[in-house]
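First the structure, in the form of structure tokens, and then the observations on it.
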Amino acid sequence: MDEDNHVPEDLSLVERDELSNIRRRKKELLDDIERLKFEISEVMTEIEQLTCVGESKTSQRNKQIAMGRKKFNMDPKKGIQFLLENDLLQHTPEDIAQFLYKGEGLNKTVIGDYLGERDDFNIKVLQAFVELHEFADLNLVQALRQFLWSFRLPGEAQKIDRMMEAFASRYCQCNPGVFQSTDTCYVLSFAIIMLNTSLHNPNVRDKPPWTAIQKLFNMFVWTFQ
């Protein structure tokens, strides 16, 4: 005989009703517990599935970013386009500049070529890229070294010209009062780069002596102050 359904004979009618209600409530609670267990089990399963999906999406995103970097190194415009189409970059000069500034896995020569392009959008990217550099309290040579470490100067004179103009503007913004104008900073920066190229270019046989370089540098500084 089922003990849960057993009713003692010495109980009154009221006590029997109360016992019946208690047993009914007990059954309802047990049913609720079983239902909650089932719901919790379903939720845990969904969480595990979402975690797997999230990890899969992260892995897929990382693969797409790596592919975008490879495409960029082969063709910068196609690489940027790939990253934009896959929502890995926003189509803003600031976001693309940040991507280039971090430079992870990117060829510095290709970065320089892309930044030196004369398209309006590329010029805006260049400006945003330069804005990411902080030149405050650095002398001109230190600032140039920092700037040129983030990419490699392209070979075309027009590209170098645009990049040096952007650099000079940013340097003067970070160090007001050092030069009378951005043109002064630009000319001096260009001269430093040309001298540096002459010193380190193995094809240049007759390299100027250091005293001549120092004299020329001092002349530039004195002339443009």
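The values are calculated or read from the model by the stated rules, or taken from the named source; none is laboratory data. None of the values given here were measured: they were computed from a predicted structure. A quick note on method: Cβ atoms are made from the backbone with ideal geometry, for glycine too, and the neighbour counts reach across all protein chains shown.
Observations on the structure shown:
- Asp87 being out of contact with any strand residue (DSSP E or B) (no Cβ under 6 Å at 6 or more places or on another chain), over 18 Å from Phe129 (Cβ atoms) and not polar (S, T, N, Q): yes
- Residue count for the range 139-175, restricted to those that are surrounded by 15 or more Cβ atoms within 10 Å (Cβ to Cβ), more than 27 Å from Phe72 (Cα to Cα) and free of Cβ contacts under 8 Å to residues at least 24 places away in the same chain: 2
- Any chance Thr92 is closer than 19 Å to Met164 by Cα and of a type in the set (S, T, N, Q): no
- Sole residue being among the charged types (D, E, K, R), free of Cβ contacts under 8 Å to residues at least 60 places away in the same chain and loosely packed, with under 10 Cβ neighbours inside 10 Å, chosen from Asp87, Asp32, Asp75, Asp113: Asp87
- If the condition is being within 17 Å of Lys108 (Cα to Cα) and out of contact with any Ser or Thr (no Cβ under 6 Å at 6 or more places or on another chain), then the range 152-161 contributes Leu153, Pro154, Gly155, Glu156, Lys159, Ile160.
- The selection criterion, being modelled with pLDDT of 95 or more and closer than 28 Å to Thr184 by Cβ, does not hold for Glu156.
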